[in-house]
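Chemist: Please see the structure below; I have some questions.
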Amino acid sequence: MGGEKAKVEASYVGNKFAYVTHGSKGDNRMGFNGTLAWFTTDKGIQAVPLQYAVKYVNEKAVFLGADSLPKLTNPTGATAKIAGKDQLVVSGTISSDRTRVSLFFDKATGLLTRTSYSYPTILGSIAQLNDFSNYRKINGVEVPLKIVNHATEGDTVLEFKSAKIDNKINVASFDPPKK
């Protein structure tokens, strides 16, 4: 959004998500329906096949439990300090695309505080960090209401004022709009 502050609405179900950003020039939509990532442009819908959209999907992912975390091969453990807090770190590789992943968990709370992805490219690795904070308990589930994405294109801050559990979300809402 070019540094513009905007209202964002987000919906998640499993590994599917949809965002609507209400900006001064109109609404922007983006999503992932489990197999296809997409976003809207002034010329229509831009579909991004999964093999090219892994970074995009990982940038928007929210992890709400162990089952939603990336499955790593050859995991290793370590410790680190982030913002003065002790972290437990699990690192490994996603075998399907050789992405190197590190997951940082606050040692005191056990909550995920950071994900680090290193994507192999023909020009070398591209790094991306996602920081999660301001966790709130929503229907018994700890949900991060602040997510900061650090990517080569710049930083994006998503700060939600509220969240709720809605069991009536239509999964078709994660598909690209028809027009």
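Chemist: Against the condition more than 15 Å from Phe174 (Cβ to Cβ), surrounded by 15 or more Cβ atoms within 10 Å (Cβ to Cβ) and hydroxyl-bearing (Ser, Thr, Tyr), how does Tyr117 come out, does it pass?
Modeler: Yes.
Chemist: Additional query: Suppose we filter Lys107, Lys178 for residues that are of a type in the set (Lys, Arg), surrounded by fewer than 17 Cβ atoms within 10 Å (Cβ to Cβ) and farther than 26 Å from Thr76 by Cβ; which single one remains?
Modeler: On the way: Lys107 fails: farther than 26 Å from Thr76 by Cβ.
Only one candidate qualifies: Lys178.
Chemist: Restricting to the range 12-39, and then to whatever is without any contact (Cβ under 8 Å) to a residue 24 or more places away in the chain and part of a strand (DSSP E or B), can you tell me which residue is surrounded by the most Cβ atoms within 10 Å (Cβ to Cβ)? Explain how you work it out, then say what you get.
Modeler: Within the range 12-39, the subset without any contact (Cβ under 8 Å) to a residue 24 or more places away in the chain is 20-27, 35, 37, 39.
Checking which are part of a strand (DSSP E or B) leaves us with 20-23, 26-27, 37, 39.
On the way: Val20: 16, Thr21: 18, His22: 11, Gly23: 14, Gly26: 9, Asp27: 12, Ala37: 23, Phe39: 17.
So the residue we want is Ala37.
Chemist: Under the condition of being under 21 Å from Ile147 (Cα atoms) and modelled with pLDDT of 90 or more, which residue from the range 65-81 is surrounded by the most Cβ atoms within 10 Å (Cβ to Cβ)?
Modeler: Ala80
Chemist: Do any strands (runs of 3 or more DSSP E) entirely within the range 121-179 hold 1 or more residues that are under 22 Å from His22 (Cα atoms) and basic (Lys, Arg), and if so, which?
Modeler: 141-151
Chemist: Considering every residue within the range 61-72, establish whether at least one is among the polar types (S, T, N, Q) and either free of Cβ contacts under 8 Å to residues at least 12 places away in the same chain or in contact with a strand residue (DSSP E or B) (Cβ under 9 Å, 6 or more places away or on another chain) (or both).
Modeler: No, the range 61-72 has no match at all.
The values are calculated or read from the model by the stated rules, or taken from the named source; none is laboratory data. Note that the structure is predicted; figures quoted are calculated from it, not measured. Cβ sites come from the backbone with ideal geometry, for glycine too, and all protein chains shown count toward neighbours.
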